[in-house]
Amino acid sequence: MNKTINILNNKWFALLFLAIAFSLIYNPLTKFPYTFCVIVLFILVTTYLQEGNLNRLNFKKLGLKELKAILLVYVGLELVMDFLFQPTVSWLCNEPADYSTFESIKGNIGMYFKYLLYMWISAAFGEELLFRGYAFFQFQKIFGDKKGLIILLSAVLFSLPHLYQGLSGLIMTFLFGIAFALIYSKYQNIWVNIIIHGLIDTVFLTLSYLGYLEFYNLLGK
């Protein structure tokens, strides 16, 4: 086992594993949200092969201090993104983000809860594990302690699968990627990121269900 860890624990395998994990998003054999189930399994297996444990993914306990931080960071991030960055980006791009994919949820309680479950599995848990926990872990093997570069690259990777949302949506996702990376860098606890990400997307899906997606468009006018 130690010999295997020594072989796999270098920057070239780190780059290879990260590239494979990212490319699995586009594999034609699985669909949302099962694609991220495959990615999570790949992450857990390769991390264990590299380290002999899963400690580098930072599955740490949540205490009262972390729960307070989650609440404060979530509220602050939601307000800043919705009322400052979203309108600014929409104005600069002369278009709002394209969220038309989620219009089918409007008034459909079954679809709403289905998307809510899928979101917590894929976006909250899966994306945070891939783009924060795993990406940080592998980028540190590749670049060392270059925190700024790692934050930037993880945000770029996070934004690319959201091209379907148009330029405005792509930029907003990149900004969220920077914010999530900064949160992860500060707290070093993947559960903090998962819960904040999940809360933000829960609000978005709830607005979609209630038919208030125009809220995001109006902010940019």
Note to self: Looking at the range 50-65 only, could you name the residues that are in a helix (DSSP H, G or I) and either in contact (Cβ under 8 Å) with a residue 60 or more places away in the chain or surrounded by 10 or more Cβ atoms within 10 Å (Cβ to Cβ) (or both)?
What the structure shows: Gln50, Glu51, Asn55, Arg56, Leu57
Next item on the list: Using the structure shown, decide if Leu24 is part of a helix (DSSP H, G or I), hydrophobic (A, V, I, L, M, F, W, C) and either closer than 22 Å to Lys146 by Cα or out of contact with any helix residue (DSSP H, G or I) (no Cβ under 6 Å at 6 or more places or on another chain) (or both).
Entry: no
Checklist line | Residues satisfying the stated conditions in the range 176-190, i.e. surrounded by fewer than 18 Cβ atoms within 10 Å (Cβ to Cβ) and either touching a Ser or Thr at 6+ places or on another chain (Cβ under 7 Å) or not basic (Lys, Arg) (or both) | finding: Ile178, Leu182, Ser185, Gln188
Note to self: Tell me whether the range 147-158 contains one or more residues that are in a helix (DSSP H, G or I), farther than 21 Å from Tyr26 by Cβ and either of a type in the set (Lys, Arg) or over 18 Å from the mean Cα position of the chain (by Cα) (or both).
What the structure shows: yes
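Conditions (1) in contact with a Gly (Cβ under 7 Å, 6 or more places away or on another chain); (2) without any contact (Cβ under 8 Å) to a residue 40 or more places away in the chain; (3) not in a helix (DSSP H, G or I), marked per residue:
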{"residue": "Tyr134", "(1), (2), (3)": "no, no, no"}
{"residue": "Lys141", "(1), (2), (3)": "no, no, no"}
{"residue": "Asp145", "(1), (2), (3)": "no, yes, yes"}
{"residue": "His162", "(1), (2), (3)": "yes, yes, no"}
{"residue": "Ile196", "(1), (2), (3)": "no, no, no"}
Checklist line | Top-ranked residue in the range 66-79 [being over 17 Å from the mean Cα position of the chain (by Cα) and in contact (Cβ under 8 Å) with a residue 24 or more places away in the chain; ranked as surrounded by the most Cβ atoms within 10 Å (Cβ to Cβ)] | finding: Ala69
Notebook entry, point to check: Quick check, is Phe176 among the aromatic types (Phe, Trp, Tyr), closer than 22 Å to Asn55 by Cα, in contact (Cβ under 8 Å) with a residue 40 or more places away in the chain and assigned to a helix (DSSP H, G or I)?
Noted result: no
Next item on the list: Confirm whether Leu49 is out of contact with any strand residue (DSSP E or B) (no Cβ under 7 Å at 6 or more places or on another chain) and over 30 Å from Tyr164 (Cβ atoms).
Entry: yes
Note to self: Please go through (1) in contact with a Pro (Cβ under 9 Å, 6 or more places away or on another chain); (2) modelled with pLDDT of 95 or more for Gly166 and return the number of the only condition it doesn't satisfy.
What the structure shows: (2)
Margin query: Restricting to the range 117-172, count the residues that are surrounded by fewer than 18 Cβ atoms within 10 Å (Cβ to Cβ) and charged (D, E, K, R).
Written below: 3
Margin query: Between a residue in the range 1-26 that is more than 20 Å from Leu130 (Cβ to Cβ) and surrounded by 11 or more Cβ atoms within 10 Å (Cβ to Cβ) and any residue that is among the acidic types (Asp, Glu) and at pLDDT 90 or above, which pairs come within a Cβ distance under 7 Å, given they are 6 or more apart or on different chains?
Written below: Ile5/Glu51
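The values are calculated or read from the model by the stated rules, or taken from the named source; none is laboratory data. This structure is a prediction, so every number in the text was calculated from the model and none was measured. Using ideal geometry, Cβ is built from the backbone for each residue, glycine included, and neighbour counts are taken over all protein chains shown.
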